[in-house]
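Chemist: Here it is: the structure, laid out below.
Every number in this text was worked out from the coordinates using simple rules, so none of it is lab data. Quick caveat: nothing in here was measured; it's all calculated off a predicted structure. Neighbour counts run over all protein chains shown; Cβ positions are idealised from the backbone, glycine included.
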Amino acid sequence: MKALCYNNVRDLRVENIPDPAIISPKDMIIRVTLSSVCGSDLHIINGFIPTVKSGDVLGHEFMGEVVETGSEVRKFVKGDRVVVSSVIACGECHYCQHDSFSLCDNTNPNAFMPEKMYGDTMAGIFGYTHAFGGYSGSHAQYIRIPFADIGAFKVPEGLHDDSVIFCSDAFPTGYMAADMADIKPGSVVAIWGCGGVGQMAIQSAWLMGAERVIAIDKEPYRLRMAREKGRAETINFEEADVLEALKDLTGGRGPDCCIDAVGMEASGSGFGYAYDKVKQWAKLENDRPLVLRDAIMACRKGGNVSIVGVYSGFVDKIPMGAAMNKGLTFKMGQMHGQKYIPQLLEYVQSGQVDPSFLVTHKMGLEQGQEGYDMFTQKTDNCMRVVFAP
Amino acid sequence: MTQTKVTSAEYIAEALPDPIGSGSAYMNVGTSERIISAVAGLALMSFGLRKFSIPRLLVAAAGAALVERGASGYCPVNNMVKRDTSQAAKPESTEITKSLTINKPRTEVYQFWRKLENLPKFMQHLSEVTQIDSKRSHWIAPVPGGIGKIEWEAEIIEEVENEKIIWRSVPNASVDNSGEILFKDAPAGQGTEIYVIIKYLPPAGAIGGTLAKVFNPAFKQMVKEDLRRFKRLIETGEIPVSESRPSGKTPTAEDNSMDKIEKKYESPLL
Ligand SMILES: NC(=O)c1ccc[n+]([C@@H]2O[C@H](COP(=O)([O-])OP(=O)(O)OC[C@H]3O[C@@H](n4cnc5c(N)ncnc54)[C@H](O)[C@@H]3O)[C@@H](O)[C@H]2O)c1
Ligand SMILES: [Zn+2]
Ligand SMILES: [Zn+2]
């Protein structure tokens, strides 16, 4: 089958690789109908998350059609249309049974790697480096789904693929961001990053009863989308001082809930950005925590900081004094797709949220490199490139 | 005797007895050293042969010598330095401890382990364990590289149902080892905590000491991975695998070379 593989930093190639096969009776194989790029892939392609090897198949946000099921798969039969959570969870461990699927004890065959890097193991993730299990990704014609009954979800009749695919990753991530931020009716919410995840966080904040949503980015077309599709107020961080603007917009209090939907590759200007960029380049710091710093400084006293933007290693100059003395609450994590997807499919089915506006480009796997270049450089108003393999 | 590392007073069983050192008249390389030699040799050989270069060839040659020594039980170097590790002159035993939590009731976890035939399902170096009677069992482990197998007998020397099992290889077994596993309810209904101590006799002397230094971490890692597989098997009924690790094997030397990449997380400046 054809698959889009990592070859080297910012160098992807389409390769012919063997079709996946069922290994365990709980596996199933699906034919991938749509597979999306995600901001997380950029951290890998740009060389910020270690343990990727040339030949690894990328991609973790996807849907498809069941072509084969293992003997212990109960929920699906051949021909079913499914959307699959990007994190792989066993459903049996303590974490899975408490809805913390991305913390699964059992699905990372390379547990010894994160154990060393992070002190414990977490769930495997499709197409997301060997430290996260070394599972083959979804930018391919077929993919094996381990623990299929836990991670895959039947797509309700009548829904278009474009509306469903982001229930795999971007929507549950944005929704979990809003959930962790503990948004209540009356909350003023600030969201850094207007990529797919940020856009979904905006939609989710409204679902949870937010009073106002303020979105921050520098790409005019993404800010426009936040306004038009997300009814958000927007701040362009290249044109305004974000901290000042947030105070001015909120009666001097600051937002109640601050969401980091950017992560370790934040861009910015001024001394802080140059400092982080140089340290990251010299491999003294993995991550550029500009957004995290801003979120802490901007957040209202006693407020919540929710982090879904990915960090992979060490960060520097975190204003811990501000966080401590302002009594902030932090919540963060890789998303627990299996917990949220059924509910999100209902939102899509009822028409309350239609994430299909994120699909700005559709391509074949052969244009993989081109697609990722557009997504990285944000050319042609690219929000998400979706491959139809 | 080394102190057991399970510190909470509640968990300290009577100190685990050392394995009894055994010897064989015609071998000057003790069996545990033989296994280690063979494993070490294969690792060095595969490392040495992967790319052609003079230092690498030397490494491969050293590897071949170790495999030979592992297979034959005779080591010219040991003979030259009049060192006989098979006599095991009361060497310090090496101890590995590990605890983990399994999301299953204590009786179930206990019974799975107590049925010793189950052990090879998650202990990768074992091919077969058979129960001889209620106390005694027969263990078989293939020597890596398909150059034979080793067998030994073990006996359970203490056992409290659903609480603990202590076992030891019988004297004159070909591998000297002992072990203990304790089972305890985890707080807040989180299943069962297990505490495992495994002791084995490493080769003594300078050469053995160096080898032990190199291979104890590998052995330790192996035991830990075995226990992780135990948890995974009993919780999910399988040992999950990915395309890059299709058999759920213990990480190899090559996998561990990923360490190099991870080193940057240990930057002294941060
Ligand atoms: N936690 C999870 O499970 C999970 C899942 C998916 C994605 N993610 C992470 O979420 C983040 C966003 O993903 P995405 O797919 O939307 O990525 P994306 O690259 O499409 O979007 C990131 C956006 O952040 C903006 N940005 C950069 N610096 C900024 C700054 N200083 N202030 C405000 N905005 C800034 C960029 O202009 C861009 O629009 C990534 O870090 C990704 O790894 C996490
Ligand atoms: Zn993602
Ligand atoms: Zn789990």
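Chemist: Return the calculated 222 nm mean residue ellipticity for chain A, to the nearest 500 deg cm²/dmol, obtained by summing -39500 (n - 2.57) across DSSP H runs with n ≥ 4 and dividing by the residue count.
Modeler: On the way: 14 runs with 116 residues, N = 389.
Estimated from H runs of four or more residues: -8000 deg cm²/dmol.
Chemist: Quick query: amide H of A:ILE191 versus all other amide H atoms, modeled in the peptide plane; which residues come in under 5 Å with a sequence gap of 5 or more or a different chain?
Modeler: A:ILE214, A:ALA215, A:ILE216, A:ILE259
Chemist: Neighbour counts of other C-beta atoms within 10 Å: give me A:ASP161, A:ASP169 arranged from fewest to most.
Modeler: On the way: A:ASP161 17, A:ASP169 29.
Neighbour counts put them in this order, fewest first: A:ASP161, A:ASP169.
Chemist: Follow-up question, since we're still on this one. Evaluate the relative contact order of chain A (contact order divided by residue number), counting alpha-carbon pairs under 8 angstrom at least 6 apart; express in whole percent. Each step should come with its number before you reach the end.
Modeler: Values: 970 pairs, mean separation 68.5, N = 389.
The value is 18 percent.
Chemist: Where does chain A land on Rg(C-alpha)/(2.2 N^0.38 Å)? Before the final figure, lay out each step's value.
Modeler: Numbers: Rg = 19.9 Å, N = 389, 2.2 N^0.38 = 21.2 Å.
Working it through for chain A, the quotient is 0.94.
Chemist: Under 16 Å between alpha carbons, and skipping anything fewer than 8 positions from B:LYS164 in its own chain: which aspartates and glutamates qualify?
Modeler: Once the sequence-local aspartates and glutamates are set aside, what remains near B:LYS164 is B:GLU10, B:GLU14, B:GLU108, B:GLU155, B:GLU180, B:ASP185, B:GLU193.
Chemist: Averaged over its residues, how many other protein chain Cβ atoms are within 10 Å of peptide A:116-129's Cβ atoms? Before the final figure, lay out each step's value.
Modeler: Values: counts 6, 4, 1, 0, 0, 1, 0, 0, 3, 0, 1, 0, 0, 3.
So the per-residue partner count for this stretch is 1.
Chemist: Further question on the same structure: Sort A:HIS43, A:HIS94 so the one with the fewest other Cβ atoms within 10 Å of its own Cβ comes first.
Modeler: Working: A:HIS43 23, A:HIS94 19.
With the sparsest Cβ surroundings first, the list reads A:HIS94, A:HIS43.
Chemist: Can you list the aspartates and glutamates whose alpha carbon is less than 19 Å from that of A:LYS116, not counting same-chain residues fewer than 8 positions off?
Modeler: Cα-Cα hits under 19 Å: A:ASP105, A:GLU285, A:ASP287, B:GLU225, B:ASP226, B:GLU254, B:ASP255, B:ASP259, B:GLU262, B:GLU266.
Chemist: Oh, and also: Is there a quick way to get the dipole size of the range A:173-332? I mean about its Cα centre, with the Cβ of Lys and Arg at +1 and of Asp and Glu at -1; what is the value in debye to the nearest 20?
Modeler: For this selection, approximately 200 debye.
Chemist: Quantify how much of the Cα-Cα distance distribution of the range A:173-332 extends past 29 Å, in percent.
Modeler: Numbers: 1305 of 12720 pairs.
Result: 10 percent of Cα pairs exceed 29 Å.
Chemist: Give B:LYS121/B:LYS149; B:LYS121/B:LYS220; A:LYS339/A:LYS362 a once-over and call out the pairs whose C-alpha atoms are over 20 Å from each other.
Modeler: Details: B:LYS121/B:LYS149 18 Å; B:LYS121/B:LYS220 18 Å; A:LYS339/A:LYS362 29 Å.
Where the Cα-Cα span goes over 20 Å, the pairs concerned are A:LYS339/A:LYS362.
Chemist: Evaluate peptide A:87-94: per residue, the Cβ atoms of other protein chains within 10 Å of its Cβ; return the mean as an integer.
Modeler: Per-residue shielding by partner chains comes out at 4.
Chemist: Additional query: What does the charge count near A:PHE357 come to, summing +1 for each Lys or Arg and -1 for each Asp or Glu among other residues with Cβ under 11 Å from its Cβ? Show your work: numbers first, answer last.
Modeler: Details: positive: A:LYS229, A:ARG384; negative: A:ASP162, A:GLU228, A:ASP354.
With Lys, Arg at +1 and Asp, Glu at -1, the net is -1.
Chemist: What distance in nm separates the two pseudo spin-label positions at B:LYS135 and A:GLU72, each 7 Å out from Cα along the beta-carbon direction?
Modeler: The modelled label-to-label distance comes out at 3.7 nm.
Chemist: Additional query: Quick check: net charge around B:GLU128, other residues with Cβ under 12 Å of its Cβ, Lys/Arg +1 and Asp/Glu -1?
Modeler: Values: positive: B:LYS121, B:LYS149; negative: B:GLU117, B:GLU151.
Net local charge, B:GLU128 excluded: 0.
Chemist: Could you sort out which of A:LYS277/A:LYS331; A:LYS53/B:LYS224; B:LYS135/B:LYS249; B:LYS115/B:LYS231 sit more than 18 Å apart by Cα distance in this structure? Provide the component values of the computation, followed by the final result.
Modeler: Working: A:LYS277/A:LYS331 26 Å; A:LYS53/B:LYS224 25 Å; B:LYS135/B:LYS249 30 Å; B:LYS115/B:LYS231 15 Å.
Exceeds cut-off: A:LYS277/A:LYS331; A:LYS53/B:LYS224; B:LYS135/B:LYS249.
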